[in-house]
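The values are calculated or read from the model by the stated rules, or taken from the named source; none is laboratory data. A quick note: this is a predicted structure, and the numbers were derived from the prediction, not measured. No Cβ is skipped: glycine too gets one built from the backbone with ideal geometry, and neighbour counts run over all protein chains shown. In case anyone asks, the SASA skips ligands and DNA or RNA and just uses the protein heavy atoms, side chains included. Shrake-Rupley method; radii C 1.70, N 1.55, O 1.52, S 1.80 Å.
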Amino acid sequence: MRAIIDEEECIGCGRCTEICPEVFELEGEIAVNKFGKENDIPSQFEQTCEEAAGECPVDAITIEG
């Protein structure tokens, strides 16, 4: 599973970093995936990663796989 953040849509609210700090962090004014957009997220973080994506107020996080 991969999490891709649309940098144009992200408003840097930090909700994803609060829910799943193992995967997301703020870098300046936007959230980034610590594992990169091309790498799979470790399975133990998948559930909280999906929750973080669902809580994004601007739907900037896309889950693939």
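I'd like the orientation of helix 46-55 relative to the chain: the angle between its Cα long axis and the longest Cα principal axis, in ° from 0 to 90, rounded to 10. The two axes meet at around 20 degrees.
Computed over protein heavy atoms with a 1.4 Å probe, the carbon and sulfur contribution to the accessible area of the chain reaches 40%.
Sparse packing (at most 10 other Cβ atoms within 10 Å of the Cβ) combined with a DSSP loop state is found for the following GluC sites (Glu not before Pro) in the chain: GLU8, GLU29, GLU38.
When Lys and Arg each count +1 and Asp and Glu each count -1, what net charge do the other residues less than 13 Å away from GLU7, Cβ to Cβ, add up to? Its environment carries a net charge of -4.
For the chain, which trypsin sites (Lys or Arg not before Pro) pass both filters: DSSP loop (anything but H, G, I, E, B) and at most 10 other C-beta atoms within 10 Å? Taking the chain and a limit of 10 other Cβ atoms within 10 Å, no loop trypsin sites (Lys or Arg not before Pro) are found. In the context of the full set of protein chains, the chain has a per residue accessible area of 62 Å² (1.4 Å probe). Counting only protein chain heavy atoms and rolling a 1.4 Å probe, the accessible areas of VAL23, VAL32, VAL58 rank, largest first, as VAL58, VAL32, VAL23.
With the Cα gyration tensor of segment 19-63 giving a ≥ b ≥ c as the square roots of its eigenvalues, does the rule (a/c under 1.5 for rounded; else a/b larger than b/c for prolate; else oblate) give rounded, prolate or oblate?
Numbers: a/c = 1.59, a/b = 1.15, b/c = 1.39.
In terms of gyration-tensor shape, oblate.
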